[in-house]
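Asker: Once you've had a glance at the structure underneath, I'll fire off some questions.
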Amino acid sequence: MDMQNQEQTVLVIDDEAVIRRLLCQKLSSEGYSVKEAATAEEVSNKLRNSPFGLVILDIKMPGKSGIELLPEIKAAYPDTAVIMATAVTELSVAIQCIKQGADDYICKPFNLDEVSLSVKGALEKRQLQLKIREYQHHLEEKIEEQTREIRKIFLGAIEALVFALEAKDRYTAGHSRRVTEVALAIGNELSLSENDMEDLRWGSLLHDVGKIAVDQLIQNKPGKLTREEYEHIMIHAQVGAGIVKPVANVKVVEMIEHHHDHYDGTGLHQVIKGNDIPLAARILAVADAYDAMTSERPYRSAMSRKEALDEIKRCTGTQFDSTITTAFFKTPIAETVLTEA
Ligand SMILES: [Fe+2]
């Protein structure tokens, strides 16, 4: 039943048949679709079958009273308006009911015009509340959608920065894009969810953005790095996490922060190890290493893809998580190399 139709439905709950008939006749004549119930049990059945826009609830009934029924109806059908029907002598009880969520009360003996005004008012108030809620819901959705859009634009800008940074240097040009391809292939092999794949994609594309803080001369040094130089280069993981933090979600941030962590905990300044390292960071570590080994570096030429795979196998269980490397070897990227060999 849509909101418009439900708006016109009223359930009259009273143990006295004469009163039910009186109210039903009046409200039907005004165009409402009216049903009646004489006991609490009948009420639950009727409400369960089709929710009503409004119920008129008699306070005093044998068995379960209207006062007891009110909270049950409000809890199960918060969108149903409730008008209490009461004798003048029970006015304080009626007011108590309003405090507990009833919308209005009508006094016996009924003035039928007052009844009809009260019903109209309660249904209008309900309609307004539903509209406000719908509007709020719509607004929240819109804001969420725009936040997602804005984040995407910012991440895209950082991505452009990464590509510009890499393009400056012939050793790293295209690195992030290739790493992303490998990481996604591993993620696919591990049947990651769509959201996790999206995080994996952003984290892989942006993982080296922190290199912006690394001295180019040290990064491109042809010889072996000193301990200090190595430590300097490795700040890029922390710096990169800091750069994306304002716009990326926590999974992407942590993935970048931990992408040089060793599975066995032996990496530089490492604070977590094993499965405490986020899964995406463990995937990125393998993808990053594979691309780094198969690319030329200032201090060495590129390894063959087969040699890189052998090296990854050799470091499985120490530097790399075996779950990830096993998945990597099953990807089409690795399989092509293995069948060629
Ligand atoms: Fe890195």
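Asker: Any residue in the stretch 233-246 that's more than 16 Å from ALA157 (Cβ to Cβ): show its pairings with residues that are acidic (Asp, Glu) at Cβ separation under 8 Å, as long as the two are six or more apart or on different chains.
Answerer: HIS236/ASP208; ALA237/GLU257; GLN238/GLU257; ALA241/GLU254; ALA241/GLU257
Asker: Identify all residues within the stretch 136-193 that are over 23 Å from the mean Cα position of the chain (by Cα), of a type outside the set (A, V, I, L, M, F, W, C) and modelled with pLDDT of 90 or more; write none if there are none. Don't jump to the end; show me each part of the working.
Answerer: Of all residues in the stretch 136-193, those over 23 Å from the mean Cα position of the chain (by Cα) come to 157-183, 185-186, 189.
So of that shortlist, the ones also of a type outside the set (A, V, I, L, M, F, W, C) come out as 159, 166, 168-172, 174-178, 180-181, 189.
Listed by number, the residues that qualify are GLU159, GLY174, HIS175, SER176, ARG177, ARG178, THR180, GLU181, GLU189.
Asker: Kindly provide the set of residues from the stretch 49-69 that are of a type in the set (D, E, K, R) and closer than 12 Å to LEU11 by Cβ, ordered by number.
Answerer: Kept after step one, since they are of a type in the set (D, E, K, R), are these residues of the stretch 49-69: 58, 60, 64, 68.
Scanning the stretch 49-69 gives a single hit, ASP58.
Asker: Quick check on my filter: what residues within the stretch 211-220 are crowded, with 16+ Cβ neighbours inside 10 Å and either assigned to a helix (DSSP H, G or I) or of a type in the set (Lys, Arg) (or both)?
Answerer: From the stretch 211-220, those crowded, with 16+ Cβ neighbours inside 10 Å are 211, 214, 219; that's our starting set.
Those that are crowded, with 16+ Cβ neighbours inside 10 Å and either assigned to a helix (DSSP H, G or I) or of a type in the set (Lys, Arg) (or both): LYS211, GLN219.
Asker: Would you check if GLN25 is within 44 Å of the chain's Cα centre (by Cα) and assigned to a helix (DSSP H, G or I)? Before you say what the answer is, go through the steps one by one.
Answerer: Numbers: within 44 Å of the chain's Cα centre (by Cα): no; assigned to a helix (DSSP H, G or I): yes.
No.
Asker: In the stretch 211-263, which residue that is within 11 Å of the ligand (Cβ to nearest atom) and of a type in the set (Val, Ile, Thr) is farthest from THR318 (Cα to Cα)?
Answerer: Filtering the stretch 211-263 for residues that are within 11 Å of the ligand (Cβ to nearest atom) and of a type in the set (Val, Ile, Thr), the one farthest from THR318 (Cα to Cα) comes out as VAL214.
Asker: Continuing with this model, one more query. Take the residues of the stretch 201-210 that are within 13 Å of the ligand (Cβ to nearest atom) and farther than 17 Å from GLY267 by Cβ: which is surrounded by the most Cβ atoms within 10 Å (Cβ to Cβ)? Lay out the reasoning, then the answer.
Answerer: Step one: of the stretch 201-210, the residues within 13 Å of the ligand (Cβ to nearest atom) are 203-210.
Subsequent filtering for residues that are farther than 17 Å from GLY267 by Cβ retains 203-206, 209.
On the way: GLY203: 31, SER204: 28, LEU205: 21, LEU206: 26, VAL209: 23.
Here the residue is GLY203.
Asker: Let me ask something else. Out of everything in the stretch 253-291 that is of a type in the set (S, T, N, Q) and more than 24 Å from GLU307 (Cα to Cα), what residue ends up being modelled with the lowest pLDDT?
Answerer: Taking the stretch 253-291 first, the residues of a type in the set (S, T, N, Q) are 266, 270, 275.
Pick out the ones that are also more than 24 Å from GLU307 (Cα to Cα) and you get 270, 275.
Numbers: GLN270: 93, ASN275: 97.
Looking at residues that are of a type in the set (S, T, N, Q) and more than 24 Å from GLU307 (Cα to Cα), I get GLN270.
Asker: Right, something else. I need a count of the residues in the stretch 296-321 that are surrounded by fewer than 18 Cβ atoms within 10 Å (Cβ to Cβ) and within 17 Å of GLY267 (Cβ to Cβ).
Answerer: Total meeting the criteria: 5.
Asker: Listed residues LEU338, LEU309; which is hydrophobic (A, V, I, L, M, F, W, C), more than 12 Å from VAL286 (Cα to Cα) and in contact (Cβ under 8 Å) with a residue 12 or more places away in the chain? Outline the logic, then answer.
Answerer: Values: LEU309 fails: more than 12 Å from VAL286 (Cα to Cα).
Checking each option against the conditions leaves just LEU338.
Asker: In addition: Go through GLU159, GLU198 for me and flag whichever is free of Cβ contacts under 8 Å to residues at least 60 places away in the same chain, within 16 Å of the ligand (Cβ to nearest atom) and either in a helix (DSSP H, G or I) or among the hydroxyl-bearing types (Ser, Thr, Tyr) (or both). Give the steps one after another, and end with the answer.
Answerer: Working: GLU198 fails: within 16 Å of the ligand (Cβ to nearest atom).
Testing whether each residue is free of Cβ contacts under 8 Å to residues at least 60 places away in the same chain, within 16 Å of the ligand (Cβ to nearest atom) and either in a helix (DSSP H, G or I) or among the hydroxyl-bearing types (Ser, Thr, Tyr) (or both) leaves just GLU159.
Asker: Also: Among (1) among the hydrophobic types (A, V, I, L, M, F, W, C); (2) under 24 Å from TRP202 (Cα atoms); (3) part of a loop (DSSP other than H, G, I, E, B), where does LEU225 come up short?
Answerer: So LEU225 meets the others, but not (2).
Asker: Another question, then. Looking at LEU57, is it within 22 Å of LYS99 (Cα to Cα) and touching a Phe, Trp or Tyr at 6+ places or on another chain (Cβ under 8 Å)?
Answerer: Values: within 22 Å of LYS99 (Cα to Cα): yes; touching a Phe, Trp or Tyr at 6+ places or on another chain (Cβ under 8 Å): no.
In short, no.
Asker: Would you check which residues across the stretch 87-128 are surrounded by 14 or more Cβ atoms within 10 Å (Cβ to Cβ) and of a type in the set (S, T, N, Q) and list them?
Answerer: GLN96, SER116, SER118, GLN127
Asker: Counting only residues that are in a loop (DSSP other than H, G, I, E, B) and small (Gly, Ala, Ser), how many does the stretch 49-108 have?
Answerer: Taking the stretch 49-108 first, the residues in a loop (DSSP other than H, G, I, E, B) are 50-53, 59-65, 77-80, 100-103.
Then drop every residue that is not small (Gly, Ala, Ser), which leaves 50, 53, 63, 65, 101-102.
The qualifying residues number 6.
Asker: Now, a different point. Take the conditions over 21 Å from HIS207 (Cα atoms), aliphatic (A, V, I, L, M) and out of contact with any strand residue (DSSP E or B) (no Cβ under 7 Å at 6 or more places or on another chain) and apply them to MET293. Does it pass? Don't jump to the end; show me each part of the working.
Answerer: On the way: over 21 Å from HIS207 (Cα atoms): no; aliphatic (A, V, I, L, M): yes; out of contact with any strand residue (DSSP E or B) (no Cβ under 7 Å at 6 or more places or on another chain): yes.
So MET293 does not fit the description; no.
Asker: Would you confirm, using the coordinates I've provided, whether GLY187 is more than 17 Å from THR323 (Cα to Cα), among the small types (Gly, Ala, Ser) and either in contact (Cβ under 8 Å) with a residue 40 or more places away in the chain or in a helix (DSSP H, G or I) (or both)?
Answerer: Working: more than 17 Å from THR323 (Cα to Cα): no; among the small types (Gly, Ala, Ser): yes; either in contact (Cβ under 8 Å) with a residue 40 or more places away in the chain or in a helix (DSSP H, G or I) (or both): yes.
It is false that GLY187 is more than 17 Å from THR323 (Cα to Cα), among the small types (Gly, Ala, Ser) and either in contact (Cβ under 8 Å) with a residue 40 or more places away in the chain or in a helix (DSSP H, G or I) (or both).
Per-residue answers, yes or no, for (1) in contact (Cβ under 8 Å) with a residue 60 or more places away in the chain; (2) among the hydroxyl-bearing types (Ser, Thr, Tyr); (3) in contact with a Lys or Arg (Cβ under 7 Å, 6 or more places away or on another chain):
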site	(1), (2), (3)
GLY265	no, no, yes
VAL286	yes, no, no
ASP291	yes, no, yes
ARG297	yes, no, no
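The values are calculated or read from the model by the stated rules, or taken from the named source; none is laboratory data. If you're wondering where the values come from, they're calculated on a predicted model, not measured in any experiment. Note that each Cβ is placed from the backbone with ideal geometry, even for glycine, and that neighbours are counted across all protein chains shown.
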